[in-house]
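A short write-up of the structure that comes next.
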Amino acid sequence: MNLAHPTRKQPDLHGEPLLAIENLHVHYGGIEALKGVSLHVDAGEIVALVGANGAGKSTTLKAIARLVSSSGTLRYAARDLTSLNAEAAALAGISLGPEGRAIFPTLTVRENLELGAYGHRDASAMKETEADVVALFPRLGERMQQSGQTLSGGEQQMLAIGRALMARPSLLLLDEPSLGIAPKLTELIFEAISTIAKSGMTILLVEQNTRVALSASARAYVLRAGENALEGSSEDLAKRDDVRAAYLGG
Amino acid sequence: MKSARGLLVALAIALLADFTLDRVIPDSSVRQLAMLACCNMVVALSLNVINGMAGQFSIGHAGFLALGAYVAAIVASHVHLALGGGDVTFARSLIVVPASLALAALVAGAFGFLVGLPSLRLRGDYLAIVTLGFAEIVRLVIATARAGDQTWLAKLGGQTGYAGAEDAGIPLYAGPFWIIGITVLAIVVAWRLKMSGWGRSIRALREDEIAAAAVGVDPTRAKVTAFVVSAAGGGIAGGMLAIMRDGTPIVQPDSFGFQATFDAVTMVILGGSGSVSGAVVGSLIITLSVKAIELLQATDAVQALKASYESLDLNALRMMIYAALLVTLMILRPDGIFGEREIRLFSRAKRDRADSTRA
């Protein structure tokens, strides 16, 4: 399996990280959801973004995918991201597996996957990636003609990740892939995420389930109330009981 | 290509029908009904793009039909005149029909673009009001032009309708070849549109706009395109109605009132929103049921009833039957006859092979 084989040329980074965020602010009306978040993700890395409910994890991802507007520095592949809209960001190789498994319920599994490839629509690349996704999630292969809404929660999450992969992204953003899913399926999904990461894909993973997130990632950032609280290697953070007690809600 | 061969066969049958239909079906009202069913299919197929696939609730389709009908009628009349008048021949229809319908599609499509713009900001009821307003404006602008004025608008005949250049009647060039041929083509195009990347993208947009944007679908472009495609299709359908053989040689604004939109919406919802098969079947049912109810009204029993009760309104009877039919269907099948499913003419193996070669 070779999931990190974008149709597009690998972006030229000029020595910058693939994704670099500096002092990112996002407002929802009068509420400041992000108060200066900074982080970076190097090409080929898997980085986790953890924190308690409302810490701004999902908002950070939405800002990167350009689904919310933001201020501060947001650079992707050595270029400014803030001037792009969501469609353009997707076409530039940023692929989001949205929170709450936002699949297209009345479309079939196959149609959902093919929509993921909307940006390149290269038939042979599409078939190839589809085969990779099916190898990763055999359950999807069995349900190609079913409509998305007939899938179980875990299967819908697989579909959401599969759809994100279909774009052959350079940067994969995953928003709470374990949310509301049975522990057994969570395990399956995180095994798949590890497989994707091993193939060389750059992943930024948002999770409330700190234990699985830290074990799946190499580095992690801890957010608290819209600000950076801690960062470090996932292994170290996982060992520190005080971190979990103080920032991650137990 | 199997489907291309099928299309050629269908066109050959349509061509044959053009020369033989009046002998096969001697009753002109039955011929008219068959042609009307075809036109209505195109009406439903085009409305299905915006109401079914894109999930935008437009109730202004009659406006596009009206634009298409008037444009086609004007073009057909003037081209006919320019060709020297006289008989309506098949050879001439090869020029007149494509010209009229292409222009009808162009004008309706352009208005579709204008009406589509507010759809970016409006949803549900609000968009419905805008589209309804558009259709009523089109109808009323045409209907209220005073006859006798020298403006170009008055030449459309106002309330009495447009009866061709110099009131000679609209030359009815679109014979069965054109009507059946365009309908078959419309079904194929609608099918391909639904299954194309663009079709998937507007259906995705209907389900979840944010998720669609996140996979790279441009909501603005997709929605406006859906409106333009739907309107252009409506324009063609209106044009077909205006110049179809065995139709009436006059177009009137009242044919494009709310009832026309309502019928079109019913066809789509009855068949199943978003389903091409549904639009075809729904339009057939509505066309035939209108005719069936007319026949019922003409029966002796109903006429006797009418004779004994002076105040009985037979049109109200029609609406009652219509309503009962719809309510029953919506109870039995709330998503319409087909839902969003399709009748598959090809086996799954074939389809999968087609999938693997599809771009």
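Tabulated data
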item: Strands (runs of 3 or more DSSP E) contained in the range A:1-120 and holding at least 1 residues within 20 Å of residue A:174 (Cα to Cα) and within 14 Å of another protein chain (Cβ to nearest Cβ); result: A:94-97
item: Residue within the range A:122-132 that is out of contact with any strand residue (DSSP E or B) (no Cβ under 6 Å at 6 or more places or on another chain), farther than 28 Å from residue B:335 by Cβ, buried (at least 16 other Cβ atoms within 10 Å of the Cβ) and acidic (Asp, Glu) present; result: yes
item: Lone qualifier among B:274, B:278 - being at positive phi and touching a helix residue (DSSP H, G or I) at 6+ places or on another chain (Cβ under 7 Å); result: B:274
item: Filter result for residue B:264 (assigned to a helix (DSSP H, G or I), under 14 Å from the mean Cα position of the chain (by Cα) and surrounded by 24 or more Cβ atoms within 10 Å (Cβ to Cβ)); result: yes
item: Of the criteria (1) hydrophobic (A, V, I, L, M, F, W, C); (2) assigned to a helix (DSSP H, G or I); (3) in contact with a helix residue (DSSP H, G or I) (Cβ under 7 Å, 6 or more places away or on another chain), which one residue B:91 fails; result: (3)
item: Of all residues making up the range A:191-223, the number that are at pLDDT below 90, more than 22 Å from residue A:133 (Cα to Cα) and in contact with a Gly (Cβ under 9 Å, 6 or more places away or on another chain); result: 2
item: In the range A:91-109, the residues that are under 26 Å from residue A:145 (Cβ atoms) and either among the aliphatic types (A, V, I, L, M) or touching a Ser or Thr at 6+ places or on another chain (Cβ under 8 Å) (or both); result: A:96, A:102, A:103, A:105, A:106, A:107, A:108, A:109
item: Residues satisfying the stated conditions in the range B:206-228, i.e. of a type in the set (A, V, I, L, M), surrounded by fewer than 24 Cβ atoms within 10 Å (Cβ to Cβ) and in contact (Cβ under 8 Å) with a residue 40 or more places away in the chain; result: B:222, B:224, B:228
item: Scope the range B:335-345; condition within 14 Å of another protein chain (Cβ to nearest Cβ) and loosely packed, with under 12 Cβ neighbours inside 10 Å; matching residues; result: B:344
item: Pick from the range A:155-186, criterion aliphatic (A, V, I, L, M) and more than 16 Å from the chain's Cα centre (by Cα), ranking: farthest from the other protein chains (Cβ to nearest Cβ); result: A:182
item: Residue list for the range A:54-69, restricted to those being under 20 Å from residue A:229 (Cα atoms) and hydroxyl-bearing (Ser, Thr, Tyr); result: A:58, A:59, A:60
item: Residue match in the range B:220-234 (condition: within 14 Å of another protein chain (Cβ to nearest Cβ), outside any helix (DSSP H, G or I) and closer than 27 Å to residue B:344 by Cβ); result: no
item: Index of the failed condition, residue B:44 passing every other in (1) under 23 Å from residue B:164 (Cα atoms); (2) touching a residue at least 60 places away in the same chain (Cβ under 8 Å); (3) not hydroxyl-bearing (Ser, Thr, Tyr); result: (1)
item: All positions within the range A:63-106 that are surrounded by 24 or more Cβ atoms within 10 Å (Cβ to Cβ) and basic (Lys, Arg); result: A:66, A:101
item: Complete set of residues in the range B:65-88 that are part of a helix (DSSP H, G or I) and farther than 14 Å from residue B:164 by Cα; result: B:65, B:66, B:67, B:68
item: Selection within the range A:135-154 - more than 18 Å from residue A:95 (Cβ to Cβ) and either more than 10 Å from chain B (Cβ to nearest Cβ) or of a type in the set (Asp, Glu) (or both); result: A:135, A:138, A:139, A:141, A:142, A:143, A:146, A:150, A:151, A:152, A:153, A:154
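Per-residue answers, yes or no, for (1) under 19 Å from the mean Cα position of the chain (by Cα); (2) under 19 Å from residue B:238 (Cβ atoms); (3) crowded, with 19+ Cβ neighbours inside 10 Å:
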position	(1), (2), (3)
B:140	no, yes, no
B:146	no, no, no
B:151	no, no, no
B:156	no, yes, yes
B:162	no, yes, yes
B:170	no, yes, yes
B:183	yes, yes, yes
B:190	yes, yes, yes
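Yes or no, residue by residue, for (1) surrounded by fewer than 20 Cβ atoms within 10 Å (Cβ to Cβ); (2) over 21 Å from the mean Cα position of the chain (by Cα):
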site	(1), (2)
B:258	yes, no
B:270	no, no
B:304	yes, yes
B:315	yes, yes
B:318	yes, yes
B:330	yes, yes
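The values are calculated or read from the model by the stated rules, or taken from the named source; none is laboratory data. None of the values given here were measured: they were computed from a predicted structure. All Cβ positions, even for glycine, are placed from backbone atoms using ideal geometry, and neighbour counts span all protein chains on display.
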